[in-house]
1. Which is among the small types (Gly, Ala, Ser), over 58 Å from the mean Cα position of the chain (by Cα), exposed (fewer than 10 other Cβ atoms within 10 Å of the Cβ) and assigned to a helix (DSSP H, G or I), of Ser132, Ser120, Ser138?
2. Would you check which residues across the stretch 46-76 are β-branched (Val, Ile, Thr) and over 19 Å from the mean Cα position of the chain (by Cα) and list them?
3. Might you let me know whether the stretch 83-94 holds any residue that is modelled with pLDDT of 95 or more, out of contact with any strand residue (DSSP E or B) (no Cβ under 9 Å at 6 or more places or on another chain) and among the polar types (S, T, N, Q)?
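The values are calculated or read from the model by the stated rules, or taken from the named source; none is laboratory data. Quick caveat: nothing in here was measured; it's all calculated off a predicted structure. Every residue, glycine among them, receives a Cβ derived from its backbone with ideal geometry; neighbour counts consider all protein chains shown.
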Amino acid sequence: MLDIDPSLMLVVAVVFLILIVLLNSWLYQPLLAFMDERDKSIRKDLESVSETSSDVEELKAKTEAIITEAKNEAAAMRAKTIEESKLLAASKIEAKKEELEEKYKGFLDELKREEEELKSELLSQMPLFKESLKAKFSQI
């Protein structure tokens, strides 16, 4: 029923071994070499990424330091400008006060002078007023 032919079995074994050798040299070895190269490339890329991420972190820290420094400088400049503006405004206010004081003194002097003129004019016309008052009283 089952007929085993040793020569056929030997041919199948030889073909199988030849097939294994050919597959090993044509398929398995290049495939394993490709996989090893791919693993090396992945490892190299991971190392590059870790170096890059450390560089990025370093640059990020530098950037934050520069931004903080710029903010501090801006705050200092703003404070300095505000202080200078306050001093300038105070000096302008003081100058205006002095100018107004001078005008006020001039006004008071002019008022005093006019008062003196009016007094002297009234005093010079006092006899005239007395006579006109006498005339009015005499009519009554």
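1. Values: Ser132 fails: exposed (fewer than 10 other Cβ atoms within 10 Å of the Cβ); Ser120 fails: exposed (fewer than 10 other Cβ atoms within 10 Å of the Cβ).
From the options Ser132, Ser120, Ser138, the qualifying one is Ser138.
2. The initial filter retains those residues of the stretch 46-76 that are β-branched (Val, Ile, Thr), namely 49, 52, 56, 63, 66-68.
Listed by number, the residues that qualify are Val49, Thr52, Val56.
3. So the first thing to find is which residues in the stretch 83-94 are modelled with pLDDT of 95 or more, and the list is 83-94.
Checking which are out of contact with any strand residue (DSSP E or B) (no Cβ under 9 Å at 6 or more places or on another chain) leaves us with 83-94.
Those left that are additionally among the polar types (S, T, N, Q): 85, 91.
Within the stretch 83-94 (the criterion being modelled with pLDDT of 95 or more, out of contact with any strand residue (DSSP E or B) (no Cβ under 9 Å at 6 or more places or on another chain) and among the polar types (S, T, N, Q)), the answer is yes, since at least one residue qualifies.
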